[in-house]
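Coordinate-derived values only; no laboratory data. Everything numeric here is computed off the predicted structure, so don't read it as measured data. When we count neighbours, we look across all protein chains shown, and the Cβ atoms used for this are built from the backbone with ideal geometry, even at glycine.
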């Protein structure tokens, strides 16, 4: 079993700042944020506040062209594969995560704040009770 890495709220705030700047540098205006309820909801809210986006779409069947998709980590690629068919325009979709797993093939749509060191299991503050 890979080692666990507990991430603090202070680290999350710092990574969200990095992610915010990366997203702003794209020069794209988003009308909403799309996310999944498990994993993506907290980072979606943090980025919505930072980017001034008022609408968060959770577990929707369609990801609008002008919506930023947010998750906590790009790990196996399973979430990306699940949500890709839901995108109105996969070519225009931006997939933002706090972490990206080192050694994985990353989609061109991905914007992330930090690359993992290796195969450590990331434990976020919002899922720490899940991993006692």
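Values for this structure:
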item: Residue count, the stretch 72-85 (criterion: surrounded by 15 or more Cβ atoms within 10 Å (Cβ to Cβ) and part of a helix (DSSP H, G or I)); result: 4
item: Number of positions in the stretch 95-111 that are out of contact with any helix residue (DSSP H, G or I) (no Cβ under 7 Å at 6 or more places or on another chain) and at negative phi; result: 11
item: Subset of the stretch 86-108 [touching a residue at least 24 places away in the same chain (Cβ under 8 Å), in a loop (DSSP other than H, G, I, E, B) and closer than 22 Å to residue 28 by Cβ]; result: 88, 89, 92, 93, 94, 106, 107
item: Any pair with Cβ under 9 angstrom, 6 or more apart, that starts in the stretch 45-56 at a residue that is in contact (Cβ under 8 Å) with a residue 12 or more places away in the chain and ends at one that is loosely packed, with under 12 Cβ neighbours inside 10 Å and in a loop (DSSP other than H, G, I, E, B); result: 48/54
